[in-house]
Amino acid sequence: MPAGEIDLIMVDRGACVFVEVRLRTHPGFGDGADSIDVEKRRRIIAAARHFLAMHPEHASRTCRFDVVSVSKRHNRAHYRWIKDAFQ
């Protein structure tokens, strides 16, 4: 997409959900959600607007931005799903 990319686009209970998946392999840098700054949010929102413009059948849906944060601790993956993360 010209505005950026979206990792996953889903429909949940009628809402269009744009999901950003972030991985952090070193715990000293925080988890993946910590890496989403204002500029990254702006790019995700712009990509979502582009998607909705290209797929008008979804334009009337409520939209939500979720983050799936993946971190690695003790050689195991840990997942945290943050619903409505941009609120």
Need at least 1 residues that are free of Cβ contacts under 8 Å to residues at least 40 places away in the same chain per element, so show me which strands (runs of 3 or more DSSP E) inside the chain make the cut, counting only ones lying wholly within it. 8-12, 76-82
Of the residues in segment 59-87, how many are surrounded by 16 or more Cβ atoms within 10 Å (Cβ to Cβ) and of a type outside the set (A, V, I, L, M, F, W, C)? 4
At pLDDT 90 or above and of a type in the set (A, V, I, L, M, F, W, C): is that true of V11 in this structure? yes
Scanning for something open to solvent by 50 Å² or more (accessible area, probe 1.4 Å), touching a His at 6+ places or on another chain (Cβ under 6 Å) and among the aliphatic types (A, V, I, L, M), does segment 1-9 turn up at least one residue? yes
Note on V67: of the conditions (1) modelled with pLDDT of 90 or more; (2) out of contact with any helix residue (DSSP H, G or I) (no Cβ under 9 Å at 6 or more places or on another chain), unmet is (2)
Looking at this structure, is V17 at pLDDT below 95, β-branched (V, I, T) and under 13 Å from the mean Cα position of the chain (by Cα)? no
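The values are calculated or read from the model by the stated rules, or taken from the named source; none is laboratory data. Just so we're clear, the structure is a prediction, and the values are computed from it rather than from any experiment. Neighbour counts run over all protein chains shown; Cβ positions are idealised from the backbone, glycine included. For accessibility, only protein heavy atoms count, side chains too; no ligands or nucleic acids. Shrake-Rupley method; radii C 1.70, N 1.55, O 1.52, S 1.80 Å.
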